[in-house]
1. If you check residue A:60 against the conditions, is it within 27 Å of residue B:204 (Cβ to Cβ), of a type in the set (Gly, Ala, Ser) and within 11 Å of chain B (Cβ to nearest Cβ)?
2. If residue A:71 satisfies all but one of (1) open to solvent by 50 Å² or more (accessible area, probe 1.4 Å); (2) farther than 23 Å from residue B:616 by Cα, what's the number of the condition it fails?
3. Within the stretch B:161-186, how many residues turn out to be open to solvent by 40 Å² or more (accessible area, probe 1.4 Å) and either assigned to a helix (DSSP H, G or I) or within 14 Å of another protein chain (Cβ to nearest Cβ) (or both)?
4. Taking the stretch B:669-679 as the search range and keeping residues that are open to solvent by 30 Å² or more (accessible area, probe 1.4 Å) and either of a type outside the set (D, E, K, R) or modelled with pLDDT under 95 (or both), which one is nearest to the chain's Cα centre (by Cα)?
5. Just the residues that are within 30 Å of residue B:191 (Cβ to Cβ) and open to solvent by 10 Å² or more (accessible area, probe 1.4 Å), please, taken from the stretch B:302-339.
6. Within the stretch B:776-809, take every residue that is without any contact (Cβ under 8 Å) to a residue 12 or more places away in the chain and within 15 Å of residue B:836 (Cβ to Cβ) and give me the one that is least open to solvent (accessible area, probe 1.4 Å).
7. In this structure, is residue B:250 touching a strand residue (DSSP E or B) at 6+ places or on another chain (Cβ under 7 Å) and either under 30 Å from residue A:2 (Cβ atoms) or of a type in the set (Phe, Trp, Tyr) (or both)?
8. May I ask you to list the residues in the stretch B:640-652 that are open to solvent by 20 Å² or more (accessible area, probe 1.4 Å) and either in a strand (DSSP E or B) or of a type in the set (A, V, I, L, M) (or both)?
Amino acid sequence: MLQIRCPWCGDRDEVEFGYGGQAGVPYPPDPDALSDADWADYVFVRDNPRGRFAERWVHSAGCRRWFDAVRDTVTHEFEERS
Amino acid sequence: MRLPSGGRIDRAAPLRFTVDGVVHTGFRGDTLASALLGAGVLQVGASPYLGRPRGIVAAGVEEPNALVQLGPEPMVPATTVELVDGLAAETLSGRGKLLEPNTREYDKKYVHCDVLVVGAGPAGLAAALAAGRSGARVILADEDTEPGGSLLSVRDTPEWLGRVTGELATLDETRILTRATVFGYYDHNYLTIAERRPGGGRLWHVRAGHVVLATGAHERPLVFADNDRPGVMLAGAVRTYLNRYAVLTGRRAVVCTTNDSAYATALDLLASGVDVLVADTRAEPAEAAERIRAAGGEVRVGTAVVGTEGSPEVSAALLSDGETVHCDLIAVSGGWNPAVHLHSQAGGTLRYDETLAAYVPDRSRQANASVGSASGDLDPNEPLWTIPAPNGEWDTHFVDLQRDATVADVLRATGTGMRSAEHVKRYTTIGTGLDQGKTAGVTTLGVIAAALGSTPGPTTYRPPYTPVPFALLAGRDRGALHDPARVTPLHDWHVEHEALFEDVGQWKRAWYYPKTGESMTDAVLRECRAAREGVAAMDASTLGKIELVGPDTGEFLNRMYTNAFAKLKVGSARYGMLCKADGMVFDDGVVLRLAEDRYLATTTTGNAAAVLDWFEEWLQTEWPDLRVRCTSVTEQWATIAVVGPGSRAVVTDLAPDVDLEFMTFTDTRLANGVPARIARISFSGELAYEINVASWYGLSTWEAVMAHGVTPYGTETMHVLRAEKGYPIVGQDTDGTVTPIDLGMEWIVSKRKPFVGSRSLRRPDTVRPDRKHLVGLLPLDPTDLLPEGAQLVAHDVALTPPVPMLGHVTSSYRSAALGRTFALALVKGGRDRLGQVVHAPLGDRVVPATIVEPVLYDPEGTRRDG
């Protein structure tokens, strides 16, 4: 059971959160301008690193806000936000 | 045999108990195992596979043999059972029985603390005291009935123990949990504790700032021929039984050891008048050898036990020097394994310590520290993984008593080329018993290393440390409390009218309303007929309802839905479909425009929360510039669908001013003054209305509808009616691999605006002509009902694997309107196969069916306006 720091609510148990996968993958401004391969890359392909990973979380059972956090996928340690 | 004095038992409190129906007496302070030994009972259930006689070996959780059934609880080590008056146990041979019902009470507790100390032996007590004195919030948890750990097993318990527990009791922020086993160590210092309580237990969830692991060490047995004979016990356990429980486990003892620790056992036995011979496998004995000899005992160095005799309990030990020594107890010590389980569960690494011949904690991954014996603070040990028998055989050298596995089994594994401990474990099943190899694990690694001429390989530990009853994990989350049940404002009416219910998500939905003597088929056909020929009503309150407010709501809905909503007129409603970015159907529902800047989106019952989350995600993470706010109003409204050619008369009577075009709505008042939102929406093809009122007016409004002789219908009829019209149900006729085009709904996919998923509908994969299309199916025999999920194959294909599959049945019903059965199905290139016959092989028979257009009832749409 991870303990996750919601930027608005503070430290809460993992059960209160939803997971949103890799952070920093914006919706393309003009999907129609993309090739099939580039669009498929957006829809289906995500990083899966061993170690540092910027990812999205949503405090579903709390303030319901989305936020980004950096987690080490080996140790599960979250980096402190500066 | 019980000594006349001594021990920590309460001789003033004799307790009667039975094992396998035989009555015995013990004392308060006993475990079931110590009471049995005190009553002269050494043997327990025979070994599980070989049926060999077995006896009590240990005095704690590591006990491999003495498993008992305790009421509903199977496979409990007798060494961990606190004796109570009237206790009744049955011995087991390797397998227990899960008896129902388990009436014990289990509960949960969630706490935070600054320091969690695991284990209340000397190291844990010292740690808890230091932390407690600092004012920190401390939990000290120990699996035993009282604090003290190894101090409870020494001849004279030091006065220090009483002083420390006394001071700890005065610290307001320090809590001592006894009978409390810390069994799981998870991420971010989250630990779980199983606390045994009278008549049940309590599961503690602890988030700790720091964790001190003072979990002690487990003694290892020695591996010689016939080492499983009753009367072969761990030396430390012999000492515990003697000093803590005043139980003598033998009169003539051979103590065989690879380290100094067993000398303490030998000295305590000598002090109790036992004849003792110490067989020390090392070249040099312990310093205590002199005291042994002075007390009348014998010490032989470089000597090991190589075999045992007895029938079946031990009557002699065979020594490596050739002598046979008569004895009734063989106390063994093969060294000590620090109890590194929790350290390892927490992600900490282990290091093999050559001096101890054991694994010790290396690096911690979380905020924890191991102290005392758990950290490897132990006497040196000279390992002797296996002791050969004079005859050279290895098939009675038991490594894992619980799995009846021997050195011969390990050698068979390594002989086939296995090197990894994990492979050997799977091949031999060593370490897979209830004790999870507490006595066998490291010994097995040593045996493998000895066989391969290598050093023992590493190992990791997973929760739980000791077995945990599922009933404890479940706690009160059983039966009705397992999952919340959501009911509509009309629920009680449905119950009173003997509706059967189906679960949709957490909702209880009325399924159908059988009249006396009616089967489900009868009831559903009757309800369908009422909706098509007269008037019927359904409780649709469970549909998800999301109010979206803000000047950009129209634009937002345009981006989310496959069709357009920005130009929808106020007062109008439109059916809409949502796709995920991959272009697959996610949800559908009708959207009403309540005002310029206000819409009400309805969702399927099961997806209400998911759609709200989906909207929020896009608004927050991609389009924070859009001024839109979403609010769930599902439970604020009761929704009544009034369906059928007679529905207009009913609605007009309830709300005389209402005269609605199809797909419009009005906010009005019913004749009785109740504010209502009435919409003309149809999910059946018939003239139909939806009456929405505030939830607290739901029941009275429903009763007002029913007063018009309206037939109530449930979800099953709703499903039949919509299927007759070819309307798909998301999640039944779709499964996350179906696009709107696959459903034959090109008309709902806007070509003029992009929406989430629109780009995916032009991917090469989504424009394949052989994608599965939603089609209708008519079995050639109009009484044959296809099972939902049935696979479909070409009519001319041989039914010998591999059979090419064309698709499967997604919905299948009997239709009152059609007078026959019908189905919906997803079929490869289905729209190009109209008129073809496919086969549904059902094991014992094959059902042929014709592929048809999915809209089977009123394809012209003439019934919509009544």
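The values are calculated or read from the model by the stated rules, or taken from the named source; none is laboratory data. Quick caveat: nothing in here was measured; it's all calculated off a predicted structure. No Cβ is skipped: glycine too gets one built from the backbone with ideal geometry, and neighbour counts run over all protein chains shown. Only protein heavy atoms, including side chains, enter the accessible area calculation; ligands, DNA and RNA are left aside. Shrake-Rupley method; radii C 1.70, N 1.55, O 1.52, S 1.80 Å.
1. yes
2. Evaluating residue A:71 over (1) open to solvent by 50 Å² or more (accessible area, probe 1.4 Å); (2) farther than 23 Å from residue B:616 by Cα leaves (1) as the failure.
3. Total meeting the criteria: 6.
4. By that ranking, first place goes to B:675.
5. Passing the criteria: B:336, B:337.
6. In this case the residue turns out to be B:804.
7. Criteria not met by residue B:250.
8. Within the stretch B:640-652, B:649 is the sole residue that qualifies.
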